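Data first, discussion second: the structure below is written as structure tokens.
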Amino acid sequence: MSTSLLFLIVIALGIVGWFLGNWRARASVGGKTSALHSRPGYYGAYVLLWTTLPAVFLIIVWNVLSPIAVSSLVTAKLPENIQNGPEQARALTMSTVRMIENGLSKLSPEDLDKTADPATDVKALLMSKGAPLAVTPEPFAVDAARYQLTLKNSSQLLLTLSSIGLAALGLAFALFQVSPKLRSRNAVETVALAGLLGCSMVAILTTLGIVLSMLFESIHFFSIVPIQNFLFGTVWDPRFSSAGSGSGGGGEFGLLPLLWGTLYISIVALLVAVPVGLFSAVYMSEYASRGVRMTAKPLLEILAGIPTIVYGFFALITFGPLLRDLGAHVGLSISATSVLTAGLIMGVMLIPFVSSLSDDIINAVPQSLREGSYGLGATQSETIKRVILPAALPGIVGAILLAASRAIGETMIVVLAAGIAPNLTLNPFEPVTTITVKIVSQLTGDLEFNSPQTLVAFALGLTLFVFTLALNIYALYIVRKYREQYE
Amino acid sequence: MLNVQTNELQQGATKLGGALNPHKVAAKDVSVYYGEKRALFDVTVNIPDRGVMAFIGPSGCGKSTFLRCINRMNDTIPICRVTGKITIEDEDIYDPSLDVVQLRARVGMVFQKPNPFPKSIYENVAYGPRIHGLAGSKAELDHIVETSLQRAALWKEVKDRLNDPGTGLSGGQQQRLCIARAVAVSPEVILMDEPCSALDPIATAKVEELIDELKQNFCIIIVTHSMQQAARVSQRTAFFHLGVLVEEGATNDIFTNPNDQRTQDYITGRFG
Ligand SMILES: Nc1ncnc2c1ncn2[C@@H]1O[C@H](COP(=O)(O)OP(=O)(O)OP(=O)(O)O)[C@@H](O)[C@H]1O
Ligand SMILES: [Mg+2]
């Protein structure tokens, strides 16, 4: 019986258990449910959980462990020379065995018996059943495959029996326990709590896993390229080392040009986004009439919903060439992909981000402060400049830092609009490249996975992660401090 | 000649019952609407200078609403509409040519809930003088801050920590800071909306003492829910009920010998 069908059966048993538990609880007090410790539904849930949880747990564990056990048993059946041979040869044989087994599983029992005879042409037989093999299998591989098939079948049968048995046992056990005094609500709530905890752990564990994998690959990278060359190198030129063994040190993995490009573009972007976003927030929250606010705010939020790739090709196709032509008019040579192109477009992308966060923060400044200021004869602009903005400042700084961390991690716009040349330049009209762009370009193409060219992507990712994490933590800290002020 | 005569007359009247000071604020047929809802009905009242006028009445009767008309704070509520006429020293404050910012500099306000700015104590008090350019030098500003804090009976408690944030003071201290802030711009009229509702008896006593002192120079209008407080600090009292000004007169008369049954019921605690 297949695993998914097994799941369904267990769940069906659980539902039956729910009804039985519910019914038994009611019956135990003669329908006077107020005499029960918990509402009848909890008794049903209690039985349901006892029925399903152990069985589901068994099915999961079995499905993890049984392939391991089966493959080690099958490996033990292989000829000595393969068992003791190189790892790769063994893996190859095992994958052939798996393929044959896959074909064998489609055969009728009589045909299966025939394959035990070395004279049978297994390849042709399988071919006729629609399971083509690439090579003519050796007899020992066919034997092993048949063995593997038998093992799997009996494992599945055992699982079916034991899991359904366990579910039935759980049902009976829990049903037997049902009595007016049983604290079923507490038990059910404990399980629910564990479920909630599990869900929140998923996010945390995923983050942890990603960070750890980046960390390990980075350490691997730093064992090939010294960390100081990475952090303080001023030249980014990874191509040349691929030919040598790596120890020759032909490749240069200097982070600084990429970091500089990232920061330069982010600064240009913030120079656009912060004033525009902040002033629009001030207008929206302090001056705009209701009608204007009702229409302009959703429009700004639409701007925030545009995928960044769209900004990217807008920059590449329209804005970059426009800027170049404009530059040519006034005698400036601006390349189509440049710090300016990417920075300005990214700035536009960040405007709604800055403005909607700042708007919220400005709105959170209590009305009583405004009235206090007006009451002293302050004008609206004095009130904004001297009371509202200072009061909102920590929060606004937090918003700006969050925007900065987005700018640093932004990929699509810079991939398309910043260029790929790792320049250490102050000229905003020249192309530069960023950490994110290089991560993309190092991981595309068909480089060997263990080469420093690929591994450097992890080191770059880790750098990026550390930067944005630090910015985010600092921003959150500031925002939180600001919140406390009015509570 | 005529002037001298009226002056003498007023002085005589002051001696008699403190009732006939020249009017500082005069309201005539003032009505207020919040959208469709009418909150005040044709309120007419004259408020004397150099004295304390108390507004009393059950919750929701429009005391705050009327108070906020006097410095046009209701302008900040979009749905609020005011009709009728309010004058301060015979100047119509709803006249379109009048600058509301200047009006508010002349009419200070202390709110029900203390609302110090998230700035230092010093900056809180210096805020008004700064924006109105009242001080020519740092020394002058220091002087204004000190005298204002002294008048608000707060100087002794904060003189060593003027640079601490105003929000870090206790509730009562914050309220006195707000009073100092209002006094610092030397307004002619001070509006106080339940200034003691968040204070303990000791702080309340201090604020009342302060009101007593301020009335030598200012026209003070105070909203209060405490009849005792109205009796203690005010010379005149107005009783509001459901948006109507029911009765207005010398505090003594209102409390001992009210004309209207509703006033009688309210001050004897039969409703409200
Ligand atoms: N901003 C507003 N929008 C709509 N209605 C309002 C607003 N402010 C006050 N009102 C209404 O106007 C009426 C008078 O309110 P007001 O605040 O003046 O009462 P009050 O006498 O000060 O009461 P309290 O003693 O509880 O402070 C009430 O019915 C109130 O619901
Ligand atoms: Mg009120």
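Laboratory data are not the source of any read-out in this text; all were calculated from the coordinates shown. This one's a predicted model, so the numbers in the text were calculated from it and none came from an experiment. Cβ placement follows ideal geometry from the backbone for every residue including glycine, while neighbour counts extend to all protein chains displayed.
For an R0 of 45 angstrom, estimate the FRET efficiency from the Cβ-Cβ distance between A:Arg183 and A:Ile210 and round to the nearest 0.05.
The pair A:Arg183/A:Ile210 has a calculated efficiency of 0.65.
Please order A:Trp62, A:Trp23, A:Trp50 by the number of other Cβ within 10 Å, starting at the fewest.
In order of increasing Cβ crowding within 10 Å: A:Trp23, A:Trp62, A:Trp50.
What is region A:314-378's relative contact order, in percent, from Cα pairs under 8 angstrom and six or more apart in sequence?
25 percent
What per residue convex hull volume, in Å³, comes out for chain B when only alpha-carbon positions are used?
150 Å³
Quick one: if you stick a label point 7 Å off each Cα along the C-beta vector at A:Ala328 and A:Phe449, how many nm between them?
The modelled label-to-label distance comes out at 4.7 nm.
Diagonalise the Cα gyration tensor of the protein assembly as shown and give the resulting equivalent ellipsoid semi-axes, square root of 5 times each eigenvalue, largest first, whole Å.
Computed over the protein assembly as shown, the values are 78, 43, 22 Å.
What value, in deg cm²/dmol to 500, does the helix sum -39500 (n - 2.57) over DSSP H runs of n ≥ 4 give at 222 nm once divided by the residues of chain A?
Dividing the helical sum by the residues of chain A leaves -24500 deg cm²/dmol.
Within a 10 angstrom radius of each residue's Cβ in B:106-119, how many Cβ atoms of other chains show up on average? Whole number is fine.
The shielding value for this peptide is 4.
Take peptide B:126-133, look around each residue's Cβ out to 10 angstrom, count Cβ atoms belonging to other protein chains, and average those counts.
Rounded to a whole number, the mean comes out at 4.
For region A:255-442, what does the relative contact order come out to in percent, with C-alpha contacts under 8 Å and a separation of six or more?
38 percent
Rank these for me by crowding, A:Ser381, A:Ser368, going from fewest to most other beta carbons within 10 Å.
Listed from fewest to most nearby Cβ atoms, that is A:Ser381, A:Ser368.
Would you please give the FRET efficiency between B:Lys113 and A:Lys32, computed as 1/(1 + (r/R0)^6) with r the Cβ-Cβ distance and R0 = 45 Å, to the nearest 0.05?
Using R0 = 45 Å, I get an efficiency of 0.30.
Need one value for B:170-183: mean number of C-beta atoms belonging to other chains within 10 Å of its residues' C-beta atoms.
Shielding by partners across B:170-183 averages 1.
Which log10 I(q)/I(0) values does region A:361-487 give at q = 0.15 Å⁻¹ under the Debye formula, counting every alpha carbon as one identical point scatterer?
Values, matching the q order: -0.81.
What is chain A's relative contact order, in percent, from Cα pairs under 8 angstrom and six or more apart in sequence?
Result for chain A is 15 percent.
So which aspartates and glutamates can B:Lys156 reach, going by Cα to Cα under 20 Å and dropping same-chain residues fewer than 8 places off?
Partners within reach: B:Glu123, B:Glu140, B:Asp142, B:Glu146, B:Asp164, B:Asp200, B:Glu208, B:Glu209, B:Asp212, B:Glu213.
What's the exposure ranking of B:Glu247, B:Glu36, going from fewest to most Cβ atoms within 10 Å?
Ordered from fewest to most neighbouring Cβ atoms within 10 Å, B:Glu247, B:Glu36 come out as B:Glu36, B:Glu247.
FRET efficiency for A:Met127 and A:Ala470, Cβ-Cβ distance as r, R0 = 56 Å, nearest 0.05?
Efficiency for this residue pair is about 0.40.
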